1. Just checking, does the range 93-101 include any residue being under 30 Å from residue 12 (Cβ atoms), surrounded by 13 or more Cβ atoms within 10 Å (Cβ to Cβ) and not hydroxyl-bearing (Ser, Thr, Tyr)?
2. If I ask for residues that are part of a helix (DSSP H, G or I) and out of contact with any helix residue (DSSP H, G or I) (no Cβ under 6 Å at 6 or more places or on another chain), which ones from the range 45-66 would you list?
3. For the range 67-122, which positions are outside any helix (DSSP H, G or I) and under 20 Å from the mean Cα position of the chain (by Cα)?
4. Being more than 30 Å from residue 122 (Cβ to Cβ) and loosely packed, with under 10 Cβ neighbours inside 10 Å is the requirement here; does residue 74 meet it?
5. Looking for whichever is touching a residue at least 40 places away in the same chain (Cβ under 8 Å), exposed (fewer than 11 other Cβ atoms within 10 Å of the Cβ) and not acidic (Asp, Glu) here; the options are 88, 63. Which one fits?
6. Out of all the residues in the range 9-24, which are surrounded by fewer than 15 Cβ atoms within 10 Å (Cβ to Cβ) and within 14 Å of residue 50 (Cβ to Cβ)?
7. Since residue 82 meets every condition but one in (1) of a type in the set (A, V, I, L, M); (2) exposed (fewer than 14 other Cβ atoms within 10 Å of the Cβ); (3) modelled with pLDDT under 95, which condition does it not meet?
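The values are calculated or read from the model by the stated rules, or taken from the named source; none is laboratory data. Please read these numbers as outputs of a predicted model, since none were measured by experiment. Here the Cβ positions follow ideal geometry from the backbone for every residue, glycine too, while neighbour counts run over all protein chains shown.
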Amino acid sequence: MNQHHTYRVVVTREYNAWLADVPELDGAHTYARNLPGLDQAVRETIAMLEDMPDGAEPGIRLAYEYRTGDPHLDEAAAQVRAARSRVAVEKQQVERQTVELARQMLSRHSLSVRDAATLLDVTPQRISQVAPSERRARKAGRAAVTGRNTADGAQVKGVA
């Protein structure tokens, strides 16, 4: 299978064990006492049956369908997992927007780190982490105009 393929895994609870079945792969059955252990066992089983190279297990994409024996619990848990997935995607988008805006605020708009942090509702340290080169470039440019030292301590002869 290609690297973008997602394997459907049906998981059921029996007594004190979790059983997994990958319907599209003949013989892809495994079990474990807990779900983290089952995830590893499923990945190893798929890698073996699909003749994947060593170390491929973490990259295998899985779509779990859990059957605990209580359909209401299964549905509620599935809804929470789906919501968490949507939030994770949105969080990544917000982080990318934060980085881009922080860089623009410091470089194009000459805002201070503290002002940018307040506008984006993050800490000044976070602004310095996501846009450090813009901050240094702005300081160096200011030093050139005022005759002060640059961020690395070198004396700059000013135009002022």
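1. Our first condition is that a residue be under 30 Å from residue 12 (Cβ atoms); within the range 93-101, this holds for none.
Looking through the range 93-101, none of the residues is under 30 Å from residue 12 (Cβ atoms), surrounded by 13 or more Cβ atoms within 10 Å (Cβ to Cβ) and not hydroxyl-bearing (Ser, Thr, Tyr).
2. Kept after step one, since they are part of a helix (DSSP H, G or I), are these residues of the range 45-66: 45-49, 57-59.
Result: 45, 46, 48, 49, 58, 59.
3. Step one: list which residues in the range 67-122 are outside any helix (DSSP H, G or I), which gives 67-70, 108-112, 121-122.
Correct list: 122 only.
4. Numbers: more than 30 Å from residue 122 (Cβ to Cβ): yes; loosely packed, with under 10 Cβ neighbours inside 10 Å: no.
Criteria not met by residue 74.
5. On the way: 88 fails: touching a residue at least 40 places away in the same chain (Cβ under 8 Å).
When all the criteria are applied, what remains is 63.
6. 24, the sole residue that qualifies.
7. (3)
Let's see how each residue does on (1) outside the structural domain of residue 116 (by TED's automatic domain parsing); (2) basic (Lys, Arg):
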site: 46; (1), (2): yes, no
site: 65; (1), (2): yes, no
site: 96; (1), (2): no, yes
site: 102; (1), (2): no, no
